[in-house]
Amino acid sequence: MDKAKSFVQKNLGTIIGAVVLTLVFFIVPNKGVVNAYIMKVINLGLIYFVAVAGLCVILGMGGQPTFSTAGMMGLGAYSVALLTTLKGWAPIPALLVSVLWVTLFSVVMGLALFRLKGSYFSFASIGFTSLIFTVLTNWLSLTGGPDGIKNIPRLGIGNLVCQNYYDYFRVLFFIALACYLIVQRIRKSYLGRALGCVRDNEIAAQCMGINAYRTKVISFVIAGAFAAFAGGLYALHERYISPAPFQYDQSAIYLIMIMLGGVNSTGGALIGSLFMTWLPERIRFLAAYSRLIYGIGVIILMNVMPMGIMGLVDNFRYKMRKKMKKNQSAETPVKEAE
């Protein structure tokens, strides 16, 4: 009995999380609970989280801000679209091949871009995304230009095909959960610790035997793979793509997502992704002022809660633990006296 109680106490957070996830999985994808439009917004939030999960590695762990996410998503999305519509490939093989080739491409780009230091790397990533957007817009014979590519098949394996947004949610739910667990595993691995050392003090990390250049390139490759995967999912979910979602502006929004949730928290990245996908739908009447709103929001965010939502939660937990320890230490002398 004591062992069971001890196990529950040690794993209480995991147990509560599992219960919540189970309830979400069975309750949310129902027409009586969530309408189709809101279901689509939630699905897009989960897809964006897959892309932002890559930022958790390169930015959250490695401290390297990049604007290449939208560009890598565009490469993944168009690869899936072209393989399925022109070559007649099934969605899953097309998705896997697109992630593979974009990952290899990320290796080449990472080796080149990380020759630059600090802010120069970030500026170069802006140029990279702008270049990808220009190619997607102007290569009319292949990408369709501004008209894009339509009639992309639905996501599915064999006879199991997603027929509506509720089916997509059930698939994306497990994909997002898998990405969450992968990022959490990286965070606790040697790579995660090495990225943290490089982020905090690159010179000290090199003195400890860490190859800072190679470590940063690996983080860029991982971020590229996540972004390409998200892009492929986006194409299969929307069944139509154009260059518009893959320009520099969208990369900035991905950075806002992770900053809002908390750069050091994978769960915070999920919260930020869902919130920043839902927010534009609620302020659609202010669409003309969206950039102004985002700009003011970022300034306020960086001043009020620089570590994001999860930073506030962690700070609250720390204060509560500190208060509890203080109360316990104050009660101890009284008990001894008795």
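Right, Y190: in the same structural domain as N151 (by TED's automatic domain parsing) and either closer than 12 Å to I58 by Cα or over 18 Å from the mean Cα position of the chain (by Cα) (or both) or not? When the stated conditions are applied, Y190 passes them. Identify the residue in the range 245-260 that is part of a helix (DSSP H, G or I) and of a type in the set (S, T, N, Q) and, among all such residues, is nearest to G148 (Cα to Cα). The residue in question is Q250. Where helices (runs of 4 or more DSSP H) fall wholly inside the range 164-244, the ranges with 1 or more residues that are aromatic (F, W, Y) and surrounded by 23 or more Cβ atoms within 10 Å (Cβ to Cβ) are 165-188, 212-238. Could you check the range 25-69 and list, in sequence order, the residues that are of a type in the set (G, A, S) and surrounded by 24 or more Cβ atoms within 10 Å (Cβ to Cβ)? Within the range 25-69, A51, A53, G54, G60, G62, S68 qualify.
Quick check on I293: is it part of a helix (DSSP H, G or I) and over 18 Å from the mean Cα position of the chain (by Cα)?
Criteria met by I293.
When L116, L82, L75 are screened for being assigned to a helix (DSSP H, G or I), in the same structural domain as A269 (by TED's automatic domain parsing) and surrounded by fewer than 22 Cβ atoms within 10 Å (Cβ to Cβ), only L82 passes. Restricting to the range 284-301, name every residue that is among the hydrophobic types (A, V, I, L, M, F, W, C) and more than 24 Å from V50 (Cα to Cα). Hits for the range 284-301 are F285, L286, A287, A288, L292, I293, I296, I299, I300. Evaluate the following for S98: is it touching a residue at least 60 places away in the same chain (Cβ under 8 Å), among the hydroxyl-bearing types (S, T, Y) and within 16 Å of I241 (Cβ to Cβ)? Criteria met by S98. Considering (1) outside the structural domain of R185 (by TED's automatic domain parsing); (2) surrounded by 15 or more Cβ atoms within 10 Å (Cβ to Cβ), the lone condition that R321 does not fulfil carries the number (2).
Those residues that are surrounded by 12 or more Cβ atoms within 10 Å (Cβ to Cβ) and out of contact with any Ser or Thr (no Cβ under 7 Å at 6 or more places or on another chain), I need them from the range 124-137; list them, please.
Answer for the range 124-137, where residues must be surrounded by 12 or more Cβ atoms within 10 Å (Cβ to Cβ) and out of contact with any Ser or Thr (no Cβ under 7 Å at 6 or more places or on another chain): A124, I126, G127, S130, I132, F133, T134, V135, T137.
The values are calculated or read from the model by the stated rules, or taken from the named source; none is laboratory data. Given the structure is predicted, the values throughout are model-derived calculations rather than measurements. Positions of Cβ are backbone-derived with ideal geometry, glycine not excepted, and every protein chain shown enters the neighbour counts.
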